[in-house]
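Here is the structure we will look at.
The values are calculated or read from the model by the stated rules, or taken from the named source; none is laboratory data. A quick note: this is a predicted structure, and the numbers were derived from the prediction, not measured. Glycine also receives a Cβ, built like all others from the backbone with ideal geometry; neighbour counts cover every protein chain displayed.
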Amino acid sequence: MITITGATGNYGRLVIDFLLKKGYQAGQIRAVLRDRSKGEDLMKKGVKIAVGNYDDYNSLLTAFAGTDKLLFISGSDVARRGKQHENVVAAAKECGVKHIVYTSFQRINDTETSPIALVARAHIDTEKQIKLSGMDYTILKNTLYLDGLPSFLGNNVAETGIFFPAGKGSGAFATRSDMAEATSEVLKGRGHENKDYLFSNSESVTFSDIADLLSGIFGKTIKYTDPGNQLFRETMAVAGLPEPVIAIFAGFGAAISQGEFSGTGFDLEKLLGRNPASVKEFLTNYYSSNR
């Protein structure tokens with residue numbers, strides 16, 4: 001039995017869809033979600049449903065019972081997920097889960113000096129807990145989603161250009177779909193035990209590169225401006241963004257500028273059996289369909 005947490009989120013749903021497309025039996029997939037009513041479409045496909053909440057340890061024990069492989073999709077509540085993740089790992093161990101697959105993140109700096117230390121802390125702690133648990137594991141060090149890149153570029157990038165504090169840093173961004181498909185290969189296959197996989201692209205691009213790509217897509221010059229962290233924060237505050245959102249965007253800009261997501265790799269390519277979607281392919285499709 002493959003059990004998938006966060007199964008109604010974008011990543012979880014994609015993984016389930018890929019497993020089904022690749023011929024994995026729906027009855028051998030269990031989707032864990034907080035609200036059973038949100039899993040009606042999955043039940044219609046024959047996927048088993050279990051209610052589980054990262055805050056409720058006993059619910060996790062019930063949801064994980066009889067699991068061979070557990071896909072543990074990291075929680076989104078940054079303030080609370082440290083304890084939530086402890087619950088998931090402990091419950092998985094208590095239930096006798098044989099192999100836990102965890103969605104972590106790509107980085108080069110594990111210290112508190114990282115500009116995204118608040119976001120990173122739970123991931124780093126969770127990786128350690130999993131490796132000390134005695135369960136077989138696969139750690140997926142996911143790069144930033146290409147799907148999230150437009151939010152860094154802004155809604156009116158064709159008119160305003162790019163205004164983002166990433167400096168000359170680059171990122172080996174990949175699509176959520178490609179990472180989810182590769183995850184499905186890990187779940188249904190063998191030989192992935194006790195390994196860390198870097199889910200990044202085979203190319204790394206700067207925001208100047210992205211501006212050049214957008215220039216070709218829009219047929220006019222798109223400029224990239226690096227305002228620096230402070231001016232970016234001030235400008236976003238004037239635009240009305242709440243401080244927590246500004247802090248996250250500024251933090252990721254600083255992380256990109258420092259090369260946190262620049263490392264390229266071929267783990268994704270090997271698991272997919274093809275090249276991951278490139279930044280150019282993604283941006284072309286995205287802005288063609290959103291015009």
Quickly run through region 268-286 and pick out the residues that are within 18 Å of residue 205 (Cα to Cα), assigned to a helix (DSSP H, G or I) and either in contact with a Lys or Arg (Cβ under 6 Å, 6 or more places away or on another chain) or not β-branched (Val, Ile, Thr) (or both).
268, 269, 280, 281, 282, 283, 285, 286
Do you know which residues across region 94-123 are buried (at least 17 other Cβ atoms within 10 Å of the Cβ) and farther than 16 Å from residue 138 by Cβ?
95, 107, 114, 115, 116, 119, 120, 122
Give just the number: which of (1) without any contact (Cβ under 8 Å) to a residue 40 or more places away in the chain; (2) of a type in the set (Gly, Ala, Ser); (3) closer than 24 Å to residue 141 by Cα does residue 6 not satisfy?
(1)
Would you point out the residue of region 120-163, among those that are part of a helix (DSSP H, G or I) and charged (D, E, K, R), that is farthest from residue 68 (Cα to Cα)?
159
So if I check each of 220, 280, which one is under 26 Å from residue 179 (Cβ atoms) and of a type in the set (Lys, Arg)?
280
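Would you call residue 181 closer than 19 Å to residue 144 by Cβ, assigned to a loop (DSSP other than H, G, I, E, B) and either in contact (Cβ under 8 Å) with a residue 40 or more places away in the chain or touching a helix residue (DSSP H, G or I) at 6+ places or on another chain (Cβ under 9 Å) (or both)? Steps first, answer last, please.
Values: closer than 19 Å to residue 144 by Cβ: yes; assigned to a loop (DSSP other than H, G, I, E, B): no; either in contact (Cβ under 8 Å) with a residue 40 or more places away in the chain or touching a helix residue (DSSP H, G or I) at 6+ places or on another chain (Cβ under 9 Å) (or both): yes.
The answer is no for residue 181.
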If I filter region 1-43 down to residues being among the basic types (Lys, Arg) and closer than 24 Å to residue 56 by Cα, which single residue comes out as farthest from the chain's Cα centre (by Cα)?
36
Across region 222-263, which residue is farthest from residue 110 (Cα to Cα) among those that are β-branched (Val, Ile, Thr) and assigned to a helix (DSSP H, G or I)?
238
If I filter region 82-89 for residues that are touching a Ser or Thr at 6+ places or on another chain (Cβ under 6 Å), surrounded by fewer than 21 Cβ atoms within 10 Å (Cβ to Cβ), assigned by TED's automatic domain parsing to the domain that holds residue 7 and over 30 Å from residue 229 (Cα atoms), do I get at least one hit?
no
